[in-house]
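Below is one structure; the comments refer to it alone.
The values are calculated or read from the model by the stated rules, or taken from the named source; none is laboratory data. Computed from a prediction, not measured in an experiment: that's the story for all the values here. With ideal geometry, Cβ positions are generated from the backbone for all residues, glycine too; neighbour counts draw on all protein chains shown. Each accessible area value is taken on the protein alone, full model and side chains, heavy atoms only, with ligands, DNA and RNA left out. Shrake-Rupley method; radii C 1.70, N 1.55, O 1.52, S 1.80 Å.
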Amino acid sequence: MNRCLSPLVWLTVTLMALLSAACTDSDTVPYSHFEQVGSDGWDPLDILVFEPWPADSAAAAGSVYRMDLVMRYSSRFRTADLPVALTIEDENGIVRADTIVIRPADSKNVETRQRYGVREMRMTLDPQLRLHDGFAVTVSPLAAREQTRGMLNVGIILTDSHAPQRRSPVRF
């Protein structure tokens, strides 16, 4: 009996450890959308339009989210500072426009991760976004296509605003 119990206890402990490790990065992601960028870089004339709206639309009205801009590069390419034109239009048609510079070395504002040959840079645009119908975000590069060579895609992610934040938001 003792010999059979020992492997069972070992198996149970191992499974519990694996399950707890799988739950470490558990941000709730109600919206995540990415647009592909050409293999030769992001064309400055290519304006990406995002209309973030969570999949659970019943919970979306009046909810507060953190909105992040995410850029993914092949890890075989070096990333440089990238100026980006950003516009946000609310439900009333009021447009806010600004230029932000995404600096990979800026660990205060840009979170960088690298996995499976992909380098991901994530920057918080709005830590307390109240979503309403008609909300839109446009993003376009203000640099030559060559400066974004190796970029794979660009996206917007909405997460629960109460989830822990690892970086300072950009003032937009």
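Table for the structure above
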read-out	value
Identity of the residue in the range 124-149, part of a loop (DSSP other than H, G, I, E, B) and modelled with pLDDT of 90 or more, that ends up least open to solvent (accessible area, probe 1.4 Å)	143
Qualifying residue in the range 106-118 (condition: surrounded by 12 or more Cβ atoms within 10 Å (Cβ to Cβ), of a type outside the set (Phe, Trp, Tyr) and at pLDDT 90 or above)	yes
Filter result for residue 99 (outside any helix (DSSP H, G or I), buried (at least 16 other Cβ atoms within 10 Å of the Cβ) and polar (S, T, N, Q))	no
Residue in the range 58-76 that is open to solvent by less than 80 Å² (accessible area, probe 1.4 Å), modelled with pLDDT under 70 and among the β-branched types (Val, Ile, Thr) present	no
Residue count for the range 82-96, restricted to those that are open to solvent by 70 Å² or more (accessible area, probe 1.4 Å) and within 18 Å of residue 155 (Cα to Cα)	1
